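**Q** I'd like to ask some things about the structure below.
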Amino acid sequence: MQTDHFLNNIFSPATFSEKELEVIIPKFKKVSFSKNEYLLKEGKIENHYWFIESGFARSFVNDTKGNDITTDFYSQGDIAIDWSSFFLRNPTRENIQAITNMVCWQLDFDTFQELFHSIEAFREQGRRKLVGSYFALKNQRVSFIADEAKDRYLQLLKEKPHVIKNVSLQHIATYLGITKYSLSRIRKEIAS
């Protein structure tokens, strides 16, 4: 098996046996996206589990006035997915869009289910990812209520500095729930 394969960073040989990796890794399909292409569109059912090898994506929803509001960012090593659509088989309300050229590794729903039910380490890693995603979402929701915009920006800077460096101010501002002018003011204040 190829030891320098990107997915060996996701499915660590310390956690998975060589035999398990020989089953798991060939199930993934390498897919490239150009900037602005969609991995998932609103109204569709999420049928893929995407690991990002390179590039950036964002998920967003359209508010009642038609503005797109960023709900999350994805970059190298992240899973870009609408969890509830994937597992509950419901149409999504979110869009996931490449904001740079991207390389991803795709696993379809049926193959995911097959691996989930046959390889315990795969199942446990999937559960950890899902629980981690839930806690991140919960923390983000509480932060919107309890924290000032500046604090939300500083937290994003601490947790995902690569996003700050590679994503447009407009997308970051909508993610933080502020205007790009407020974000510019916060950035100037921090730089002082």
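The values are calculated or read from the model by the stated rules, or taken from the named source; none is laboratory data. For clarity, every value in this text was computed on a predicted model and none was experimentally measured. So basically every Cβ, Gly included, is an ideal-geometry build from the backbone, and we count neighbours across all protein chains shown. We work out accessible area using only protein heavy atoms, side chains counted, and drop any ligands, DNA or RNA first. Shrake-Rupley method; radii C 1.70, N 1.55, O 1.52, S 1.80 Å.
**Q** List pairs: first residue in region 59-76 and of a type in the set (Asp, Glu), second residue part of a strand (DSSP E or B) and open to solvent by less than 50 Å² (accessible area, probe 1.4 Å) anywhere in the structure, Cβ distance under 8 angstrom, at least six positions apart or on different chains.
**A** Asp68/Phe60; Asp68/Val61; Asp68/Asn95; Asp72/Arg58; Asp72/Ser59
**Q** Given (1) modelled with pLDDT of 95 or more; (2) surrounded by fewer than 12 Cβ atoms within 10 Å (Cβ to Cβ); (3) touching an Asp or Glu at 6+ places or on another chain (Cβ under 7 Å), identify the lone condition not met by Met1.
**A** So Met1 meets the others, but not (1).
**Q** Here is a list: Arg141, Arg152. Which entry is without any contact (Cβ under 8 Å) to a residue 40 or more places away in the chain, assigned to a helix (DSSP H, G or I), among the charged types (D, E, K, R) and open to solvent by 70 Å² or more (accessible area, probe 1.4 Å)?
**A** That would be Arg141, the only listed residue that is without any contact (Cβ under 8 Å) to a residue 40 or more places away in the chain, assigned to a helix (DSSP H, G or I), among the charged types (D, E, K, R) and open to solvent by 70 Å² or more (accessible area, probe 1.4 Å).
**Q** If you take the residues of region 124-133 that are open to solvent by 60 Å² or more (accessible area, probe 1.4 Å) and either of a type in the set (Asp, Glu) or in contact (Cβ under 8 Å) with a residue 24 or more places away in the chain (or both), which of them is farthest from Ala57 (Cα to Cα)? Give the derivation first.
**A** Step one: list which residues in region 124-133 are open to solvent by 60 Å² or more (accessible area, probe 1.4 Å), which gives 124, 127-131.
In the following step, the residues that additionally are either of a type in the set (Asp, Glu) or in contact (Cβ under 8 Å) with a residue 24 or more places away in the chain (or both) were identified as 124, 129-130.
Working: Glu124: 26, Lys129: 18, Leu130: 19 Å.
So, considering only residues that are open to solvent by 60 Å² or more (accessible area, probe 1.4 Å) and either of a type in the set (Asp, Glu) or in contact (Cβ under 8 Å) with a residue 24 or more places away in the chain (or both), the one farthest from Ala57 (Cα to Cα) is Glu124.
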